[in-house]
Structure formats: C-alpha cells, structure tokens
1. Which order, highest average first, do 138-146, 182-190, 202-210 follow once you tally other Cβ atoms within 10 Å for each residue and take the mean per peptide?
2. Hey, if you put +1 on the Cβ of every Lys and Arg and -1 on every Asp and Glu Cβ in the chain, which of Leu154, Gly109, Asn143 ends up farthest toward the positive end of that dipole?
3. Would you kindly state how much longer the chain becomes between Lys58 and Lys179 on full extension, computed as 0.36 nm times their sequence separation minus their alpha carbon distance, in nm to one decimal?
4. Normalising by the residue count of the range 109-253, find the relative contact order in percent from Cα pairs under 8 Å and 6+ residues apart.
5. Net charge near Asp86, counting Lys/Arg +1 and Asp/Glu -1 over other residues with Cβ under 14 Å of its Cβ?
6. What order do you get for Thr55, Thr230, Thr192 when you list them from fewest to most C-beta neighbours inside 10 Å?
7. Tell me, Ser127, Ser223, Ser51 in order of fewest to most beta-carbon neighbours within 10 Å?
8. Against the longest alpha carbon principal axis of the chain, how many degrees, from 0 to 90 and to the nearest 10, is the axis of helix 107-130 turned?
Amino acid sequence: MNQSNNKIINQLSQRKSIRQFTGQSVSNEDLDLILKTAQRCPTSINGQQISLVYTRDKEKIKQLAKICGGQLQVETADVFITIVVDFNRTSFAVEQAGEVQQIDKSAEGVLVGAVDAGIMLNAIQISAESLGYGTTAIGAVRNDPEAMIELLNLPAKTFPIVGTTIGFATKEAKEAPLKPRVPLESFAFEDTYNDKKVKDGVLKYEQDMKKYREENNMDYLQSYCTQTATYYKNIYFRKIAQNYEKQGFVFKD
C-alpha cells in the first residue's frame, strides 16, 4: 500500500516529541477514549501488570514537573500520565489461586514490566496524536522514584517507570522539522546483527545531525555522540535499585 494512502503510517512517519503546548484543554471524552484504547494493549500472559495514574490538576502537574527536573514541557502539559508497573494487581490474583507470586523477585519481572510499559506508552501516544494532540515520553519520572511513589500513593510491588505529556501543540512545535534518524541499513538487519553497519551508521548520523543543526539554526544542539555521552557516561537515575527494593522487588535470580 502506498504510504500516502495509509493514515496510520503517515501519522507514525511524522511523529515528533512536542515540548511546547498552547494550554488548551484535552477534552474529557478524548482522554477517556485514549485510556480505553490503551487498555487494549497486550501484556505478558495477559497479566495486565500495568496501571495508569493520570492527572489534570495543575498544582499536581507542577509537582510532577519538579520531580522530573523542572521540565517546562511537563508543567505546561494539560494531562500527565504516569505508567506504573503493577505487580500488586497480579499478586492479589495469584493469592486468589492459593499461590505466592514470585515474578517480582526476578530480573525477568523488571523486563516484563518495562516491555509492557513501553507498549502502553506507544499506544497512549498514538491514540492521543490521532486525535490531534501532542505528546512527549518522560523518563525523568525515575529521577526521584521515592517522591513519585509518595505523590501517586503507590503501594508495594508497583513502580513508576515512564510518563507522557498530552496537550495541544503550539504552531511552532507542529511546524518544527523532523529530526533525522540513523541510516536504515544500520538499524534494521536481515537475519543477523551487523556491528560494522551500526558503527558506520553512527559516523554517518553525526554528519546528518550536523547538517540538520546548520539548516535549522539549531547550533545549540549537541552532536549525537556528545549528547549520548553526556547522559550515558554516568548512571544518572541513581536510586532505581534501592527504590525497587523498598517497593518489594527483591531479586533472587
């Protein structure tokens, strides 16, 4: 099928993170539809080990923004949704069968939760964007997990893993150019992973991003390698293991 005739592919191909919002409200009907659509996502073993905590309260969103490092894109969003790994739900279900849950005591449990949360994030954003809203994924909910847990009143065996903003994008944000990606041949491989193509792709992407910055007067942006190094040279969310354990996730595998 031709891409131009496929609304879903066109939408996904034009996806961008929106960081400037108009302040216009997301309708209750649209938010309800987004949440119901997200709930149809697949989850491992149909355990449904994801919960959503959403807020429209501006004071609470300000608190969320502070926890997320003072991000203006969070503070100015109309809705903020925190995606919560929820093995509290499954623990109760397991108890009803007369057993004791063990998945929350394993690294596999972390992976199950993270994968299901990622699927849920994508569904929320695609649904919101299809209705004309802008979104941005917010990993900084893990800046201070303890503060997030307290603010959202999260019980044991749950963890706030990622969030997303929803709001109406400003004209400037809508018209911002799409950021390039690494070359397709260094991203998608047939049959086996190709290390050389990956590394060649990084070097090519450095040049592509330099051209992108120059063409769009974005000299303030760092290069791909420098930006990646800025974050990944440190362990920048420092309390994850500690807070996981405080929430009842004790790894025994």
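Values in this text are rule-based calculations from the coordinates and carry no lab data. Remember, predicted model here, so these are calculated numbers, not experimental data. When we count neighbours, we look across all protein chains shown, and the Cβ atoms used for this are built from the backbone with ideal geometry, even at glycine.
1. Values: 138-146: 19.9, 182-190: 12.2, 202-210: 15.6.
Ranked from most to least packed, the peptides come out as 138-146, 202-210, 182-190.
2. Of the listed residues, the answer is Asn143.
3. On the way: separation 121, 0.36 × 121 = 43.56 nm, distance 3.03 nm.
Using 0.36 nm per residue and subtracting the Cα-Cα distance, I get 40.5 nm.
4. Details: 115 pairs, mean separation 34.6, N = 145.
The value is 24 percent.
5. On the way: positive: Arg89, Lys157; negative: Asp104, Asp116.
Once all neighbours under 14 Å are counted, the net charge is 0.
6. Working: Thr55 17, Thr230 11, Thr192 6.
Final ranking by Cβ density, sparse to dense: Thr192, Thr230, Thr55.
7. Working: Ser127 20, Ser223 14, Ser51 17.
The fewest-first ordering by Cβ neighbours comes to Ser223, Ser51, Ser127.
8. So the inclination is approximately 50 degrees.
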